[in-house]
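The values are calculated or read from the model by the stated rules, or taken from the named source; none is laboratory data. These numbers were taken from a predicted model, which means no experiment stands behind them. Cβ coordinates were reconstructed from backbone atoms using ideal geometry, including for glycine residues, and neighbour counts include every protein chain displayed.
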Amino acid sequence: MDWINAIVQGVLLGGLYALFAAGLSLIFGVMRLVNIAHGDFIVLAAFLGLSLTTALGVNPLTVLLFVVPIMAGIGYVLQRGVLNQTLGDDILPPLLVTFGLSIIIQNGLLEIYSADPQKMNAGALETASVAVPGGLHIGVLPLLMFVVAVAVIAGLQWIFYRSALGRAFRAVSDKQDIAQLIGLNKAHVFGLAMALSLAVVGIAGVFLGIRTSFDPSIGPGRLIFGFEAVIIGGLGNLWGTLIGGIILGVSQNIGAQINPGWQLLAGHIAFLIVLAVKPRGLFPRID
Amino acid sequence: MPDPLLSTKGLDAHYGDFQALFGVDINVHPGEVIAIIGSNGAGKTTLMRSITGLLSNAPDMVTYRGDAVGGLRADLIARKGIAMVPEGRQLFQSLSVEENLVIGGQMGRKGSWDLQKIFELFPILKERRSVPATALSGGQQQMVAMGRALMSNPDLILFDEISLGLAPIIIKSIYDALPDIIGDGMSAIIVEQDIAKALSVARRVYCMQEGRISLEGRSNELSREQISAAYFGV
Amino acid sequence: MSSSRYTISRSSPASRIAATIGVILLIALVAAPWWAGRADMRLLSEIFLYLSLACLWNLLAGYAGLVSVGQQAFVGFGGYMLFALAMFAGISPLAAIPLAGLLGALIAVPVAFLIFRLRGAYFAIGTWVIAEVFRLSFAQVSSLGGGSGTSIPVGIVRSMASSRSMREATTYWLALGMAVLVLVVIYLLLRSRNGLALTAIRDSELASSSYGIDIWRHKFVVYVVTAGLTASTGALIFLQKLRISPDAAFNVNDWTAFVIFIVVIGGIGTLEGPIIGVIVFFLLRETLADLGTTYLLILGLVAIVVMLKAPKGIWGLIKARYGIELFPLSRRVVDQKSEN
């Protein structure tokens, strides 16, 4: 019974990991950029949610209405103001600039909020659960997060493959020069991609802050989970990313079931096994 | 004669230390079709890249509708109504045939060209509208590339080596379609290595050699000898 | 006759002056236990160890194009190996340092086979995962203190040298020796055929593969050598600290972020860069460290600004301006007639 429970909880946790991963996958797909500060932006969003919840006295889920657009705005400005200058044939500048950003965000948060762990309180929602056949109880909150994760992935999938914005994303990703010849401003398109990426990060951050306690130092860990989900699922495949997140979540929970110290290790090992056996991920789409 | 739609004046272009164009002057008048001919490496593609803004120049080296556009970004120049059918088609490989066409019209410029009219011109594209653009044959891909440029309803359209790598029969059908396309009062620059094809559609010809204009004149007034001298530098 | 008039030379007046100053400086540094205080020696040791980490990271990222943000894996691994060899195998710490390096190089082989499947920035994060795996694994080893870590037994420390001042001098010389060793190894590696191949790969992977250069093998060699030397440096770092824990041993800030900062500020892809960078880094640290997190904020900002505005770092600016090179690596054609 414990095992089944661990697996079910792992699947639900995988939804959160897919949210960590989706934004990372998106910007890599559009501009081959890997944002080392991605995890720190998730934590930034969590702190933003915390401050707004306290200031406005509302439920953490309500602050999503503010956090998501604010994060999107940060993403757009960051991309146009800084990151666009780093894009080119050399992979070092974007890597090192986002690495520097990661340090800035971590220490900026430390300065403002201190190193104390924080948590957002979602009230009765946190303890509510539904009974499912087999005597299992599934928390409403984890379930809600999973459903939202699936909806976000579906939404991103729709944007990427069905909307005008997605066409622009793919066109710029395919051939930057030619995309400009048909009137696409690539700096703006990249800005929108980063805005969308950080909008998803906004959702992920608020959920993270409701689910567990967080402090300024945990960003890199979230980046790594997101990255592992992307690689396990296969580059460029959003649904694959969801499956990657689930595999990661289930592995961690199974590991924890064997020995609490093995939780994170089990997730990393699952990732390394996939890397060894299928280096392009389980469902690769792009090189 | 009215003011030209597009003109370059003393246009130089550089790739790093290498100078590719030396003081190129060309004019395109409203509704006029000109051809630019020359061998490989003569600077034709560099000239196209300079006009479209993919290569940046001093502002007054390129003038469009009286505005200095030489230093403008490529997407802003496109918005002013200059479109290009690039060498080698260069379709977006992640987009379907229809998406390649639709994204060509994403600027929303007014005009007579729309998806339906492209499909009338090239019915095969309607049939294959949902397949990935790169799954088409070379000739069909060239149709998509031309359709994509037309979808923006440009005032000036640049055709860069549209016959390169295609079978003669396909080249013929594409050149047969050109008068229909350009007939609307659109201006065009046709870049070609195939001199006869270029002369058949263009009113005036510029011949390029080693980054310079070596000859210019009306298509029907130039002799074969003049052209081959300008083309091969003999 | 004209063919013999030109020769290929690497040295230049600047490099010969630098070599002379370098030798004098080295003699002075070797003699430090006789003229420097205890605190100065500790600081100098730390500078030497950071210098060798920075040179090694620069070799990876600046020359082999392998941008790693997980070098803390090998720093920590080396540290833990030193403790394990000394505590369980009774090996003297002095002998354990090269052994830790050897083991670091050995473990880097399977690691390379795994993460070389990732490209570019994903390679970088992959190295970070490896470091996390190392950290979590060592936290599971209860004989090494598990998550809270362990200290080296006093007896083992005493076995190194009889007096405290002698011990301190020994660790100081080891740190200096490590930095010199790393510089020499990298210099020789870059001057060898291997180095020429690396430069070619850095300039264009596509072109060099078409000349038949086996890119994978060259990168693999560099990765393994770097891992070994990084592990040795790590062993030395924790021999000085006398205490190790997973969080300290595999700390991304201490062993990678600062190192990257040093290389970026100094000038990536040059031998001189890390030396300049390490001096700037310690000057900043000694003056700003009291600011705590603000100091780190400033470091991050400086790194970003340098990367955007002067991607070749301080040394790149100097080189572009004066065209000098302290470590003669580039070959110059010398006209002997005008030289004579």
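For every residue, the table says whether it meets (1) more than 20 Å from the chain's Cα centre (by Cα); (2) surrounded by fewer than 21 Cβ atoms within 10 Å (Cβ to Cβ); (3) of a type in the set (A, V, I, L, M); (4) at the interface with chain A (Cβ under 10 Å from one of its Cβ atoms).
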| position | (1), (2), (3), (4) |
| --- | --- |
| B:GLU32 | no, yes, no, no |
| B:ILE37 | no, no, yes, no |
| B:MET84 | no, no, yes, yes |
| B:GLY104 | no, no, no, yes |
| B:ASP114 | no, yes, no, no |
| B:SER137 | yes, yes, no, no |
Considering segment B:131-151 alone, what residues qualify as being polar (S, T, N, Q) and either part of a helix (DSSP H, G or I) or modelled with pLDDT of 95 or more (or both)?
B:THR134, B:GLN140, B:GLN141, B:GLN142
Are there any helices (runs of 4 or more DSSP H) wholly within segment C:186-301 with 2 or more residues that are over 30 Å from C:GLY147 (Cβ atoms) and at pLDDT below 95, and if so which?
C:193-203, C:205-210, C:215-241, C:258-266, C:272-288
For segment A:151-161, check the following and say yes or no: at least one residue is under 30 Å from A:TRP239 (Cα atoms), among the hydroxyl-bearing types (Ser, Thr, Tyr) and within 14 Å of chain C (Cβ to nearest Cβ).
no
For A:LEU24, the lone unmet condition from (1) under 18 Å from A:ILE218 (Cα atoms); (2) out of contact with any helix residue (DSSP H, G or I) (no Cβ under 6 Å at 6 or more places or on another chain) is (2)
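Of all residues in segment B:119-129 being part of a helix (DSSP H, G or I) and over 20 Å from the mean Cα position of the chain (by Cα), which is surrounded by the most Cβ atoms within 10 Å (Cβ to Cβ)? Don't jump to the end; show me each part of the working.
If we filter segment B:119-129 for residues that are part of a helix (DSSP H, G or I), which is where we start, we get B:119-121, B:123-127.
Among the residues that remain, those that are also over 20 Å from the mean Cα position of the chain (by Cα) are: B:119-120, B:123-127.
Working: B:PHE119: 17, B:GLU120: 11, B:PRO123: 10, B:ILE124: 14, B:LEU125: 21, B:LYS126: 14, B:GLU127: 12.
Restricting to residues being part of a helix (DSSP H, G or I) and over 20 Å from the mean Cα position of the chain (by Cα), the top hit is B:LEU125.
So which residues in segment A:173-198 are under 24 Å from A:PRO69 (Cα atoms) and within 10 Å of chain B (Cβ to nearest Cβ)? So that I can check it myself, show each step before the final result.
At the first step, the residues of segment A:173-198 found to be under 24 Å from A:PRO69 (Cα atoms) are A:184-198.
Scanning segment A:173-198 gives A:LEU184, A:ASN185, A:LYS186, A:ALA187, A:HIS188, A:VAL189.
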Across segment A:235-263, which residue is surrounded by the most Cβ atoms within 10 Å (Cβ to Cβ) among those that are without any contact (Cβ under 8 Å) to a residue 24 or more places away in the chain and under 26 Å from C:PHE113 (Cα atoms)?
A:GLY255
Among helices (runs of 4 or more DSSP H) completely within segment C:86-164, the ones holding 3 or more residues that are more than 18 Å from C:LYS241 (Cβ to Cβ) are C:93-115, C:120-138
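Go through segment A:24-62 residue by residue and tally those that are closer than 30 Å to A:GLY234 by Cα, assigned to a helix (DSSP H, G or I) and at pLDDT below 95.
Keep residues of segment A:24-62 that are closer than 30 Å to A:GLY234 by Cα, which gives A:24-46.
Restricting the remaining residues to those that are assigned to a helix (DSSP H, G or I) gives A:24-31, A:38-46.
Going one step further and asking which of them are at pLDDT below 95, we end up with A:24-31.
Total satisfying the criteria: 8.
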Give the residue that is farthest from C:ALA64 (Cα to Cα), with candidates limited to residues of segment C:258-272 that are surrounded by 22 or more Cβ atoms within 10 Å (Cβ to Cβ) and of a type in the set (Gly, Ala, Ser).
C:GLY266
Starting from segment C:25-43, take each residue that is free of Cβ contacts under 8 Å to residues at least 40 places away in the same chain and list its partners that are surrounded by 15 or more Cβ atoms within 10 Å (Cβ to Cβ), counting only C-beta distances under 8 angstrom and pairs at least six apart or across chains.
C:ALA36/C:LEU44; C:ASP40/C:ALA32
Six or more apart or on different chains, Cβ atoms under 8 Å: show the pairs whose first residue is in segment B:171-187 and in the same structural domain as B:GLU32 (by TED's automatic domain parsing) and whose second is modelled with pLDDT under 85 and part of a helix (DSSP H, G or I).
none
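Does A:GLY75 meet the test of being more than 12 Å from chain C (Cβ to nearest Cβ), part of a helix (DSSP H, G or I), more than 30 Å from C:GLY267 (Cβ to Cβ) and not charged (D, E, K, R)?
On the way: more than 12 Å from chain C (Cβ to nearest Cβ): yes; part of a helix (DSSP H, G or I): yes; more than 30 Å from C:GLY267 (Cβ to Cβ): yes; not charged (D, E, K, R): yes.
Spelling it out, A:GLY75 is indeed more than 12 Å from chain C (Cβ to nearest Cβ), part of a helix (DSSP H, G or I), more than 30 Å from C:GLY267 (Cβ to Cβ) and not charged (D, E, K, R).
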Do any residues in segment C:287-300 that are more than 10 Å from chain A (Cβ to nearest Cβ) have Cβ atoms under 6 Å from those of residues that are surrounded by 14 or more Cβ atoms within 10 Å (Cβ to Cβ) and in a helix (DSSP H, G or I), where the two are at least six apart or on different chains, and which pairs are they?
C:LEU288/C:TYR295; C:ALA289/C:TYR295
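Would you confirm whether or not segment C:104-114 contains a residue that is under 27 Å from C:LEU242 (Cα atoms), within 20 Å of the chain's Cα centre (by Cα) and within 14 Å of chain A (Cβ to nearest Cβ)?
Pass one, segment C:104-114, residues under 27 Å from C:LEU242 (Cα atoms): C:104-108.
Of the ones still in play, those that are also within 20 Å of the chain's Cα centre (by Cα) are C:104-108.
In the following step, the residues that additionally are within 14 Å of chain A (Cβ to nearest Cβ) were identified as C:107.
The answer is yes, given that some residue of segment C:104-114 is under 27 Å from C:LEU242 (Cα atoms), within 20 Å of the chain's Cα centre (by Cα) and within 14 Å of chain A (Cβ to nearest Cβ).
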Considering only residues that are within 14 Å of chain A (Cβ to nearest Cβ) and not acidic (Asp, Glu), which ones fall in segment C:220-247?
C:PRO246
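Would you confirm whether any residue within segment B:174-191 is closer than 19 Å to B:ARG49 by Cβ, buried (at least 19 other Cβ atoms within 10 Å of the Cβ) and polar (S, T, N, Q)?
Looking only at segment B:174-191, we keep the residues that are closer than 19 Å to B:ARG49 by Cβ, and these are B:187-191.
Keeping just the survivors that are buried (at least 19 other Cβ atoms within 10 Å of the Cβ) gives B:187-191.
Checking which are polar (S, T, N, Q) leaves us with B:187.
Yes, segment B:174-191 contains at least one residue that is closer than 19 Å to B:ARG49 by Cβ, buried (at least 19 other Cβ atoms within 10 Å of the Cβ) and polar (S, T, N, Q).
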Checking C:TYR187 against (1) away from chain A (no Cβ under 11 Å); (2) aromatic (Phe, Trp, Tyr); (3) within 30 Å of A:ILE231 (Cβ to Cβ): exactly one of these is not met. Which one?
(3)
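Working carefully through the options C:ALA124, C:ALA96, find the one that is at the interface with chain A (Cβ under 9 Å from one of its Cβ atoms) and buried (at least 22 other Cβ atoms within 10 Å of the Cβ). Reasoning before the result, please.
Details: C:ALA96 fails: at the interface with chain A (Cβ under 9 Å from one of its Cβ atoms).
Unique residue meeting the criteria: C:ALA124.
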Hey, which of the helices (runs of 4 or more DSSP H) in segment A:95-191, taking only ones fully inside, have at least 1 residues that are touching a strand residue (DSSP E or B) at 6+ places or on another chain (Cβ under 8 Å)?
A:140-162, A:176-181
When segment B:104-118 is examined, which residues are found to be outside any loop (DSSP other than H, G, I, E, B) and basic (Lys, Arg)?
B:LYS117
Which condition number does B:GLY165 fail, the rest of (1) away from chain A (no Cβ under 14 Å); (2) within 17 Å of B:GLU120 (Cα to Cα); (3) not basic (Lys, Arg) being met?
(2)
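How many of the residues making up segment B:64-78 are buried (at least 17 other Cβ atoms within 10 Å of the Cβ) and either more than 21 Å from B:THR45 (Cβ to Cβ) or at the interface with chain A (Cβ under 7 Å from one of its Cβ atoms) (or both)?
Residues of segment B:64-78 buried (at least 17 other Cβ atoms within 10 Å of the Cβ): B:64, B:69-70, B:72, B:74-75, B:77-78.
From the residues that got through so far, the ones that are either more than 21 Å from B:THR45 (Cβ to Cβ) or at the interface with chain A (Cβ under 7 Å from one of its Cβ atoms) (or both) too are B:74-75, B:78.
Number of matching residues: 3.
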Using beta carbons and a limit of 7 Å, which pairs, at least six apart or on different chains, have the first residue in segment C:128-145 and at the interface with chain A (Cβ under 7 Å from one of its Cβ atoms) and the second one assigned to a loop (DSSP other than H, G, I, E, B)?
C:TRP128/C:VAL69; C:TRP128/C:GLY70
Can you pull out the residues in segment A:215-232 that are crowded, with 24+ Cβ neighbours inside 10 Å and more than 14 Å from the chain's Cα centre (by Cα)?
A:PRO216, A:ILE232
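Can you find, within segment A:252-273, the residue that is farthest from the other protein chains (Cβ to nearest Cβ) among those that are more than 16 Å from A:ASP2 (Cβ to Cβ) and of a type in the set (Gly, Ala, Ser)?
Kept after step one, since they are more than 16 Å from A:ASP2 (Cβ to Cβ), are these residues of segment A:252-273: A:261, A:264-265, A:267-273.
Then keep just the ones that are of a type in the set (Gly, Ala, Ser); that gives A:261, A:267, A:270.
Working: A:GLY261: 6, A:GLY267: 10, A:ALA270: 11 Å.
Once the filter is applied, the top-ranked residue is A:ALA270.
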Would you mind stating whether A:PRO93 is surrounded by 14 or more Cβ atoms within 10 Å (Cβ to Cβ), more than 10 Å from chain C (Cβ to nearest Cβ) and either under 30 Å from A:TRP3 (Cα atoms) or in contact with a helix residue (DSSP H, G or I) (Cβ under 9 Å, 6 or more places away or on another chain) (or both)?
no
